[in-house]
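To start, the structure itself, in structure tokens.
The values are calculated or read from the model by the stated rules, or taken from the named source; none is laboratory data. On a predicted model such as this, the values are computed, not experimentally measured, just so you know. With ideal geometry, Cβ positions are generated from the backbone for all residues, glycine too; neighbour counts draw on all protein chains shown. These area figures cover heavy atoms from the full protein model, side chains too; ligands, DNA and RNA do not enter into them. Shrake-Rupley method; radii C 1.70, N 1.55, O 1.52, S 1.80 Å.
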Amino acid sequence: MNLFRALSYKEWMKTRRLIGVMLLLMAAAVGYTYIDLTHEIRLNEAVNVWYGCLFQGTSVAPWMMYLLPLAGIALGVVQYVPEMTQKRLKLTLHLPAGETQIMASMLWYGFSIVLLLCLLLSLVLSAVVRLFLPSEIVGMMLQQLLPWMVAAVAGYGFTAWICIEPQWKQRMLCIVVSVGLLSMLFVSSYPGSYSQFGAGICWILAASFIFPFSSCIRFKYGVQ
């Protein structure tokens, strides 16, 4: 537990500014959603907006498709690129603990931050949308956000995998695999499209957590 606290504090010092920036961006996105929604209701009337959301799958927050994955990828870059370029990871792996425990602690920190950001955004966004639209549309919006939130969490893990990988040839393969897996989460933006893809989502999340350990082991043993 003490090791986890120490590593979490180290990662917090490294990523706190980015977390602040992402919170500001998410607040701006929520504000834009509020303005855009009120404008649409004034322009097209609430009934037409409801119809578009219920029967045409219109998103009330389309920007989240880009913002959520960006949050996960950016956190992975800020957390792990300095570890590699400044050779910090080699020192970290020499702490009095196994590399699996150390890597798991670093990953759990990042996954927790991304998940908290996604949950906070979804709660605030739901409260804003509920001011104008019925709860059914809020539920559809959350269904629409789910694969994008999964992409944020998995995107963080895959970014860690790519950054830690010591060999450039293998790193390119990591990028191809990561893009291929994440692209599955953007096949459709219609609410409920992924209701039958639960097993696939679990596999993608599991892969994003497990794959970085292979690169960590390769790095520790000096693969070039």
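When you count, for each residue, the other Cβ atoms within 10 Å and take the mean per peptide, how do 62-72, 145-155 rank with the highest first?
Output ranking for 62-72, 145-155: 145-155, 62-72.
The long axis of helix 99-130 is offset from the longest Cα principal axis of the chain by roughly 10 degrees.
Within the straight-line cut-off of under 18 Å between alpha carbons, the aspartates and glutamates reachable from LYS90 are GLU11, GLU99, GLU165, sequence neighbours fewer than 8 places apart in one chain being disregarded. Based on Cα contacts under 8 Å between residues 6+ apart, region 38-170 shows a relative contact order of 45 percent. Across the alpha-carbon set of region 89-189, the Rg to Rh ratio works out to 1.11, Rh being the Kirkwood radius.
For VAL138, the solvent-accessible surface computed with a 1.4 Å probe is close to 20 Å², ligands and nucleic acids excluded. Relative to the longest principal axis of the Cα atoms of the chain, the long axis of helix 2-55 lies at roughly 20 degrees.
Per residue, the chain exposes 53 Å² of solvent-accessible protein surface, assessed with a 1.4 angstrom probe and all protein chains in place.
The C-alpha atoms of the chain define a longest principal axis, and helix 198-220 lies at about 30 degrees to it. Packing order of peptides 73-80, 173-180, highest average first: 73-80, 173-180 (average count of other Cβ atoms within 10 Å over each peptide's residues). Each other residue within a Cβ distance under 15 Å of VAL78 adds +1 if Lys or Arg and -1 if Asp or Glu, for a net charge of +3. Element breakdown for the chain at a 1.4 angstrom probe: carbon and sulfur atoms account for 70% of the accessible area.
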